[in-house]
């Protein structure tokens with residue numbers, strides 16, 4: 001027997017319609033270079049998204065067509081999110097920080113018909129144009145005057161495209177499994193792979209991310225998208241926050257510590273998302289300027305493991321709750337969040353933080369597990385570690401144009417190595433390609449990095465495995481010291497003593513001015529391995545003499 005409930009499709013246009021109907025005056029703030037902040041509201045977002053949708057229909061855009069964006073976080077980009085997907089086309093957010101060759105591959109693989117770009121990317125666009133034959137038009141996200149002033153007067157403009165279009169539309173009632181967004185993985189090995197989101201998956205992800213025991217998004221919040229809107233759709237926040245009626249703040253290109261503090265204070269931001277690198281810069285500014293956040297009460301930190309020291313500083317010194325999240329482009333991306341349980345309230349702050357630094361427990365709708373090399377389920381005892389697997393209604397089942405990537409067992413293999421404890425807390429011990437294999441045993445580079453960054457003189461650290469004639473690989477710490485620090489390698493190594501097994505002890509430390517980061521703020525360990533694969537460890541000479 002089937003239930004007698006209405007079959008109303010879960011569509012992104014329903015989120016926009018709800019926001020415009022229920023919260024028409026709630027503000028949407030965009031920081032614009034060299035001009036006052038742009039301020040609109042949900043009623044304005046509905047009008048202009050409708051104009052865009054009508055313009056696209058007039059231009060012959062059909063359901064399923066891929067339309068790309070090369071843009072930072074701002075009101076026009078948000079209009080593209082809703083106007084494109086609302087008519088059944090696919091909003092393909094392209095990461096403009098990738099190498100040109102990668103961007104060319106991505107646009108050609110997606111077969112994008114249109115590309116919308118911020119004026120700051122005009123030179124990039126001129127490089128891409130002759131290499132991307134599927135693109136019919138390159139449209140600058142500006143008015144005609146802005147475009148001419150930026151040297152883009154020959155390009156059609158977004159504002160001209162919207163001019164004269166009706167400010168309302170009857171959004172089509174699409175099948176909820178219709179594709180709505182497309183993001184490509186960073187492609188650290190091989191070509192980038194496309195993750196094709198559906199309206200249903202995006203709406204369900206929005207519900208789950210907003211839950212009280214997830215991100216706790218409500219109409220009482222002012223939400224800042226710090227994570228770029230080309231990075232897994234800013235972690236779903238451009239859908240989640242409007243669904244809940246939250247005020248929106250988009251900082252544009254400037255996400256240094258000072259700029260973030262100012263926009264947070266100017267507009268009363270209560271919640272923001274971003275990678276650890278962003279929050280490290282934010283904390284350093286607060287400390288150096290001697291200021292405190294007055295409205296920010298929680299931050300969502302993901303993309304890579306949050307250092308314990310960063311979590312401690314934000315929570316203990318500035319009263320900002322850290323929601324440690326794990327996810328991937330393939331998981332929409334919120335999959336697990338680390339929060340303490342009611343029974344942990346009686347524990348000390350350090351004991352509670354021992355749980356918070358883990359990647360957390362699966363949010364409603366998601367299942368996780370760990371497998372050995374033969375695909376056998378491993379126990380959730382906090383000790384066994386293996387390949388992390390995941391499934392759920394907003395998890396990718398295969399990659400775009402790669403049907404062979406779908407697994408028969410219905411699980412997605414993440415490429416992470418993890419443990420899961422008895423309480424369900426998952427902890428990433430490494431990416432499968434980053435784990436250090438020493439003498440047949442595994443060493444977690446992430447744990448060694450977190451310990452290094454717990455030292456008060458260290459700003460950032462990475463750990464890689466360096467070839468060793470006896471042990472296969474041994475850990476090398478590559479670290480950035482605080483300005484003016486005279487910390488030595490021996491002193492940093494001494495800091496590890498008593499905190500790890502002796503055979504985990506790094507063999508050497510290198511201090512550098514900065515570490516390489518990828519387009520989404522993640523550490524580029526591939527680059528570090530290229531730079532330091534021939535580094536001569538002190539233990540190597542001893543090994544060759546038989547003394548180690």
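The values are calculated or read from the model by the stated rules, or taken from the named source; none is laboratory data. Everything numeric here is computed off the predicted structure, so don't read it as measured data. Cβ placement follows ideal geometry from the backbone for every residue including glycine, while neighbour counts extend to all protein chains displayed.
Residues in the stretch 91-105 that are in contact with a strand residue (DSSP E or B) (Cβ under 9 Å, 6 or more places away or on another chain) and over 16 Å from residue 197 (Cα atoms) were compared, and the one that is surrounded by the most Cβ atoms within 10 Å (Cβ to Cβ) is 103. Among the residues of the stretch 431-468, those that are at pLDDT below 80 and either crowded, with 22+ Cβ neighbours inside 10 Å or not in a strand (DSSP E or B) (or both) comprise 432, 433, 435, 439, 440.
For (1) at positive phi; (2) out of contact with any strand residue (DSSP E or B) (no Cβ under 7 Å at 6 or more places or on another chain); (3) modelled with pLDDT of 95 or more, each residue gets a yes or a no:
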| site | (1), (2), (3) |
| --- | --- |
| 245 | yes, yes, yes |
| 252 | yes, no, no |
| 266 | no, yes, yes |
| 269 | no, no, yes |
| 278 | no, yes, no |
| 283 | no, yes, yes |
| 286 | no, yes, yes |
| 292 | no, yes, yes |
| 299 | no, no, yes |
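Only a single criterion out of (1) at pLDDT below 95; (2) surrounded by 14 or more Cβ atoms within 10 Å (Cβ to Cβ) is not satisfied by residue 151, namely (2). The single condition from (1) in contact (Cβ under 8 Å) with a residue 60 or more places away in the chain; (2) within 26 Å of residue 368 (Cα to Cα); (3) out of contact with any helix residue (DSSP H, G or I) (no Cβ under 6 Å at 6 or more places or on another chain) that residue 432 fails is (1).
Anything in the stretch 15-35 that is modelled with pLDDT of 95 or more, surrounded by fewer than 16 Cβ atoms within 10 Å (Cβ to Cβ) and assigned to a loop (DSSP other than H, G, I, E, B)? List them, or say none. Residues satisfying the conditions are 24, 25.
Residue 80 falls short of the stated requirement of being under 21 Å from residue 196 (Cα atoms), at pLDDT 95 or above, part of a strand (DSSP E or B) and within 25 Å of the chain's Cα centre (by Cα). Take residue 399 and tell me if it is under 28 Å from residue 201 (Cβ atoms), in contact with a helix residue (DSSP H, G or I) (Cβ under 7 Å, 6 or more places away or on another chain) and surrounded by fewer than 22 Cβ atoms within 10 Å (Cβ to Cβ). Taking the combined requirement at face value, the residue satisfies it.
The combined condition, being at pLDDT 95 or above and over 17 Å from residue 171 (Cβ atoms), is not fulfilled by residue 54. Residues that are closer than 20 Å to residue 184 by Cβ, in contact (Cβ under 8 Å) with a residue 60 or more places away in the chain and not assigned by TED's automatic domain parsing to the domain that holds residue 304 are absent from the stretch 437-454. One residue stands out in the stretch 410-422 among those that are in a loop (DSSP other than H, G, I, E, B) and within 27 Å of the chain's Cα centre (by Cα): the one that is surrounded by the fewest Cβ atoms within 10 Å (Cβ to Cβ), namely 410.
If you check 159, 146, 176 for being over 18 Å from residue 77 (Cβ atoms) and surrounded by 13 or more Cβ atoms within 10 Å (Cβ to Cβ), only one passes: 176.
Scanning the stretch 108-116 turns up no residue that is under 21 Å from the mean Cα position of the chain (by Cα), closer than 20 Å to residue 147 by Cβ and at pLDDT 95 or above. When residue 366 is tested against (1) at pLDDT 95 or above; (2) farther than 24 Å from residue 283 by Cα; (3) surrounded by fewer than 18 Cβ atoms within 10 Å (Cβ to Cβ), exactly one condition is not met: (3). Among the conditions (1) surrounded by fewer than 20 Cβ atoms within 10 Å (Cβ to Cβ); (2) more than 21 Å from residue 431 (Cβ to Cβ); (3) in contact with a helix residue (DSSP H, G or I) (Cβ under 9 Å, 6 or more places away or on another chain), residue 299 misses just one, which is (1).
Strands (runs of 3 or more DSSP E) fully within the stretch 197-294 that include at least 1 residues being farther than 30 Å from residue 397 by Cβ and free of Cβ contacts under 8 Å to residues at least 60 places away in the same chain: 222-225, 271-274.
In the stretch 470-525, what count of residues is obtained for those that are modelled with pLDDT of 85 or more, in a loop (DSSP other than H, G, I, E, B) and buried (at least 17 other Cβ atoms within 10 Å of the Cβ)? Qualifying residue count, the stretch 470-525: 5.
So if I check each of 146, 101, which one is under 22 Å from residue 38 (Cα atoms), assigned to a helix (DSSP H, G or I) and assigned by TED's automatic domain parsing to the domain that holds residue 84? Full working, then the answer.
On the way: 101 fails: under 22 Å from residue 38 (Cα atoms).
Unique residue meeting the criteria: 146.
For the stretch 296-322, filtering for residues that are in a loop (DSSP other than H, G, I, E, B) and either more than 23 Å from the chain's Cα centre (by Cα) or not assigned by TED's automatic domain parsing to the domain that holds residue 232 (or both) leaves 2. Would the stretch 144-151 turn up any residue that is touching a residue at least 60 places away in the same chain (Cβ under 8 Å) and within 21 Å of residue 80 (Cα to Cα)? Checked against the condition, which is being touching a residue at least 60 places away in the same chain (Cβ under 8 Å) and within 21 Å of residue 80 (Cα to Cα), the stretch 144-151 yields no hits at all.
Exactly one residue among 134, 186 is surrounded by 14 or more Cβ atoms within 10 Å (Cβ to Cβ), farther than 23 Å from residue 12 by Cα and at pLDDT 95 or above, and that residue is 134.
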